[in-house]
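**Q** Sharing a structure with you now.
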Amino acid sequence: MKRMEKKGVCLAAPAVLGFLIFYVLPMGVTLWQSVSYGGVFVGLENYRITFENHMFWLAVGNTLRFLGVALPLILVIALGLALLLAEKFPGNRFFRLILLYPMLVPVAATVMVVQIFLGTRGVLNTFLIQWGFSRQDWIYSSWAFLILVLLYLWKNTGYAVILLLAGLAMIPKEYMEMARMDGAGRWKCLYYIRLPLLGPMILFTALISLLNAFKCFREAILIGGNYPHESIYML
C-alpha cells in the first residue's frame with residue numbers, strides 16, 4: 001500500500017510542480033506587486049489610484065460590452081454549427097478540420113491579415129476608392145470594436161464547436177430513437193432532449209469562451225498599438 005502511495009506521489013509530482021511554478025508562483029508575485037511599489041509595501045494604495053483612473057473604468061465598460069456581445073454570439077454560432085456537424089453528410093470531417101485551423105494560426109499573423117485588408121491603405125479601402133467612396137480608417141474608428149468581436153469569433157468558435165460536438169456524442173442515441181418513435185419532431189428532440197442533456201457542456205463551453213474573451217486585449221494592442229481606439233481599450 002505504501003509502495004502504491006509513493007508511486008502515486010511520483011506520478012503526480014510533475015503536474016503539481018508545474019502547477020506551483022507556472023500558476024501559484026506567478027499569482028503570488030502578482031499579488032505582491034499589486035500591494036507594493038518599488039519593492040516597498042504600500043497596502044491598497046495601488047488599488048485606490050487605479051479605481052480613481054477614468055481609463056480603468058473605460059476599459060471595464062468596454063470589456064463588459066465585449067463580453068455581452070461576443071459570448072452570446074459564440075455560443076449560438078457554435079451550437080448551430082455543432083448541431084449541423086453532428087449529422088452525417090459528405091465532407092463532415094473536412095469541415096471539422098477547418099474549424100480547428102484558426103487555433104493553429106498565431107495571433108500576430110491574424111492581426112497582420114486584418115491590417116492588410118482593413119488598414120488605411122488596405123485592400124478594402126483600395127476597392128472603396130476605385131468605386132468612388134472615401135477612404136475609411138476602420139481600425140482607428142468605432143468599427144474597431146466589431147473587428148475585435150469578429151476576430152474573437154474566428155479564433156475561438158472552432159474550439160467551442162468541438163466541445164459541443166463531444167457533448168452531443170455523449171447523448172445516448174436510444175433517447176432520440178424513442179422520442180421519434182413517439183412522434184417527436186426535430187425541434188422537440190432538440191428542446192426536450194438535446195439541450196437539457198447538453199446543459200453542462202454548454203456551461204463548460206461558456207466558461208472556456210469567457211476565459212478566452214479576456215485574452216482579446218492581445219488583439220486590441222496588436223491592432224491599435226499602445227493607443228488603440230477607445231472602443232477597444234480593454235482590461
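The values are calculated or read from the model by the stated rules, or taken from the named source; none is laboratory data. Not measured: the values here are computed from a predicted model. Backbone-built Cβ (ideal geometry, glycine too); neighbour counts: all protein chains shown. Quick note on the areas: whole protein, heavy atoms, side chains included, nothing else; ligands and nucleic acids left out. Shrake-Rupley method; radii C 1.70, N 1.55, O 1.52, S 1.80 Å.
**Q** For region 138-158, name all the residues that are in contact with a Pro (Cβ under 6 Å, 6 or more places away or on another chain) and either among the polar types (S, T, N, Q) or open to solvent by less than 70 Å² (accessible area, probe 1.4 Å) (or both).
**A** Lys155, Gly158
**Q** For Met201, work out the one condition from (1) part of a loop (DSSP other than H, G, I, E, B); (2) at pLDDT 80 or above it doesn't fulfil.
**A** Exception for Met201: condition (1).
**Q** Within the group Arg135, Arg93, Arg121, which residue is out of contact with any Gly (no Cβ under 8 Å at 6 or more places or on another chain), open to solvent by 80 Å² or more (accessible area, probe 1.4 Å) and part of a helix (DSSP H, G or I)?
**A** It is Arg93.
**Q** So, in region 68-118, how many residues would count as being modelled with pLDDT under 80, among the small types (Gly, Ala, Ser) and over 14 Å from Lys155 (Cα atoms)?
**A** 1
**Q** Among Ala179, Ala213, Ala144, which is in a helix (DSSP H, G or I) and touching a His at 6+ places or on another chain (Cβ under 9 Å)?
**A** From the options Ala179, Ala213, Ala144, the qualifying one is Ala144.
**Q** Follow-up question, since we're still on this one. Residues being surrounded by fewer than 17 Cβ atoms within 10 Å (Cβ to Cβ) and either of a type in the set (Lys, Arg) or assigned to a helix (DSSP H, G or I) (or both): count how many of those fall in region 222-234.
**A** 1
**Q** Mind listing whichever residues of region 45-68 are aliphatic (A, V, I, L, M) and either farther than 18 Å from His229 by Cα or assigned to a loop (DSSP other than H, G, I, E, B) (or both)?
**A** The one that is aliphatic (A, V, I, L, M) and either farther than 18 Å from His229 by Cα or assigned to a loop (DSSP other than H, G, I, E, B) (or both): Ile49.
**Q** Out of contact with any strand residue (DSSP E or B) (no Cβ under 9 Å at 6 or more places or on another chain), modelled with pLDDT under 85 and basic (Lys, Arg), is that true of Arg48?
**A** Spelling it out, it is not the case that Arg48 is out of contact with any strand residue (DSSP E or B) (no Cβ under 9 Å at 6 or more places or on another chain), modelled with pLDDT under 85 and basic (Lys, Arg).
**Q** Has region 150-163 got at least one residue that is assigned to a helix (DSSP H, G or I), aromatic (Phe, Trp, Tyr) and more than 30 Å from Arg65 (Cα to Cα)?
**A** No.
**Q** Here's another thing I want to ask about it. For the list (1) crowded, with 16+ Cβ neighbours inside 10 Å; (2) at pLDDT 90 or above; (3) farther than 29 Å from Asn53 by Cβ, I need the number of the one condition that Asn212 fails.
**A** (3)
**Q** Can you spot a residue in region 160-180 that is within 30 Å of Gly224 (Cα to Cα), touching a helix residue (DSSP H, G or I) at 6+ places or on another chain (Cβ under 9 Å) and open to solvent by less than 50 Å² (accessible area, probe 1.4 Å)?
**A** Checking region 160-180: at least one residue is within 30 Å of Gly224 (Cα to Cα), touching a helix residue (DSSP H, G or I) at 6+ places or on another chain (Cβ under 9 Å) and open to solvent by less than 50 Å² (accessible area, probe 1.4 Å).
**Q** Quick check: anything in region 13-28 over 20 Å from Met234 (Cβ atoms) and surrounded by 13 or more Cβ atoms within 10 Å (Cβ to Cβ)?
**A** no
**Q** Can you name the residue in region 103-118 that is open to solvent by 40 Å² or more (accessible area, probe 1.4 Å) and in contact (Cβ under 8 Å) with a residue 40 or more places away in the chain and is also nearest to Gln136 (Cα to Cα) among such residues?
**A** Here the answer is Gln115.
**Q** Quick check, is Glu52 within 27 Å of Ala144 (Cβ to Cβ), acidic (Asp, Glu) and within 30 Å of the chain's Cα centre (by Cα)? Full working, then the answer.
**A** On the way: within 27 Å of Ala144 (Cβ to Cβ): yes; acidic (Asp, Glu): yes; within 30 Å of the chain's Cα centre (by Cα): yes.
Answer is yes for this residue.
**Q** Tally the residues that are out of contact with any helix residue (DSSP H, G or I) (no Cβ under 9 Å at 6 or more places or on another chain) and open to solvent by less than 30 Å² (accessible area, probe 1.4 Å), restricting the search to region 189-198.
**A** Summing the residues that are out of contact with any helix residue (DSSP H, G or I) (no Cβ under 9 Å at 6 or more places or on another chain) and open to solvent by less than 30 Å² (accessible area, probe 1.4 Å) in region 189-198 gives 0.
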